[in-house]
């Protein structure tokens, strides 16, 4: 077993095969180690992420490699799931050319294989299927991942097969589509597939036109169970994108559920501390401002993150301009509007008592990649608040950043690895020479960057493995993608470096068009 630090808050353990990885993941979860946030098995690896500052990566590696592992419990009596496929995918002809086969033989080979779910990852319900026919195992991922792959897409890459449960980015080759629902939060269990499940594909002539309906519906603005406080906030204008966020849903990454939560967690922590909430209380993440809300009750409010101009209009018509970065009171009937921030991307609005929507898998966060949690806010939405806090809190010392105003060019500190050995020495030099520009294709999943090409030393396909937040994942086109809060839990492109935990919040405030440079520890 080899161990590689994946930034300052994760360790990647490299083993012989997927069975060994699955067994070690069980042992690590059973150990109940303090600070462990997620344990994610992959094709032959286990990624262990921890709360920043709880473990030194080297000491964690030593501890994990000494754990005993249980015996494999897989059996040949696992259930079989039949999935019908219409073979009309956009990559079908390219796959045939790469495999040196007619399209008809590609389809026949895909159906003839006996598949087994090795592990789940990437997104909720995404099962990695082993057993792909030998003729198709050498088909690589796309050089540049698609920004959007439709839900129900049936795909292969890197010796594996899969079905995309929901619309998402992705770099696998698409052979066709299915109407099978791989993930349904309202179903028990929500995932159609589980490790060990056997899968068979069969050709069908017709599917419903709107296969996109497979995307799971967002939970909506359902108040949490329990007595209602009677305190509400009405959305008058949602701005370009406003979502409900808390500190995320750790502990489910092995099911393909991203951590999610506030992209700039430090700013949400600070806003909550200013109004007297617990750090994990749900607030509003406002992208590029232009939010308007009316308060149906007296409240204490704070806005942090990207500094947006604030305008408060009381029911009497009196107006004021509160400051960002400090708590202020709002009377019932008043309207608060956020303008567009002059710098930064995301502002955070906290209200005493927190936003009181029903948690999904332990979190109130909206996960835009997976479709978990409440939908982005719309005009007319009425948000329930928790009971009013009686004592205003003090700022959390862990959240010292008051307002995020990144300069035109931002330097982020990073640690090389865990797959820096897949790249040339010149690639590491190029990464630190920069600059890289944030492209318009960036979102809560990650920052797509454009700049010096990062050349690989190894051109083989990387078996799918867990990805830590802050990872600089490099596709075949040599351009890095900096993974943020909603990033897939696993991926198949090597990670050259991982941004330090303390700098991920700053990265989440970068706008398209801004330049970023990287400084690696020890270079």
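Here are some notes:
- Strands (runs of 3 or more DSSP E) within the range 326-374 that include 1 or more residues under 24 Å from residue 485 (Cβ atoms): 335-338, 346-351
- Here residue 156 fulfils each of the conditions (1) surrounded by fewer than 24 Cβ atoms within 10 Å (Cβ to Cβ); (2) touching a helix residue (DSSP H, G or I) at 6+ places or on another chain (Cβ under 7 Å); (3) modelled with pLDDT of 90 or more apart from (1).
- Note on the range 3-32: residues that are more than 18 Å from residue 253 (Cα to Cα) and part of a loop (DSSP other than H, G, I, E, B) total 4.
- Identity of the residue in the range 272-302, modelled with pLDDT of 95 or more and over 25 Å from residue 358 (Cβ atoms), that ends up nearest to the chain's Cα centre (by Cα): 288
- Counted residues, the range 125-134 - those being crowded, with 18+ Cβ neighbours inside 10 Å and over 27 Å from the mean Cα position of the chain (by Cα): 2
- Those helices (runs of 4 or more DSSP H) lying entirely in the range 33-144 with at least 2 residues closer than 30 Å to residue 8 by Cα and either touching a residue at least 60 places away in the same chain (Cβ under 8 Å) or assigned by TED's automatic domain parsing to the domain that holds residue 493 (or both): 57-65
So that you can scan it fast, the table gives a plain yes or no per residue for (1) modelled with pLDDT under 80; (2) outside any loop (DSSP other than H, G, I, E, B); (3) surrounded by fewer than 18 Cβ atoms within 10 Å (Cβ to Cβ); (4) assigned by TED's automatic domain parsing to the domain that holds residue 115:
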site	(1), (2), (3), (4)
194	no, no, yes, yes
199	no, yes, no, yes
202	no, yes, yes, yes
207	no, no, yes, yes
219	yes, no, no, no
239	no, no, no, no
243	no, yes, no, no
249	no, no, no, no
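- The lone exception for residue 175 - which of (1) over 18 Å from residue 490 (Cβ atoms); (2) out of contact with any helix residue (DSSP H, G or I) (no Cβ under 8 Å at 6 or more places or on another chain); (3) assigned to a strand (DSSP E or B) it fails: (2)
- Checked against the criterion of being within 30 Å of residue 188 (Cα to Cα), touching a residue at least 12 places away in the same chain (Cβ under 8 Å) and touching a helix residue (DSSP H, G or I) at 6+ places or on another chain (Cβ under 8 Å), the candidates 266, 283 yield just one match: 283.
- Here the condition is being surrounded by 17 or more Cβ atoms within 10 Å (Cβ to Cβ) and within 30 Å of residue 253 (Cα to Cα); of 289, 362, 283, it holds for 283 alone.
- From the list 12, 64, 24, the lone residue that is closer than 20 Å to residue 256 by Cβ, more than 23 Å from the chain's Cα centre (by Cα) and at pLDDT 85 or above is 24.
- The range 108-124, residues that are within 21 Å of residue 207 (Cα to Cα) and surrounded by 21 or more Cβ atoms within 10 Å (Cβ to Cβ): 110
- Of all residues in the range 14-48, those being in contact with a strand residue (DSSP E or B) (Cβ under 9 Å, 6 or more places away or on another chain) and more than 22 Å from residue 194 (Cα to Cα) number 5.
- When residue 494 is tested against (1) without any contact (Cβ under 8 Å) to a residue 60 or more places away in the chain; (2) more than 23 Å from residue 53 (Cα to Cα), just one condition goes unmet, and that condition is (1).
The values are calculated or read from the model by the stated rules, or taken from the named source; none is laboratory data. The shown structure was predicted, so the numbers you read here are calculated from the model rather than taken from an experiment. Glycine gets a Cβ as well: all are built from the backbone with ideal geometry, and neighbour counts include every protein chain shown.
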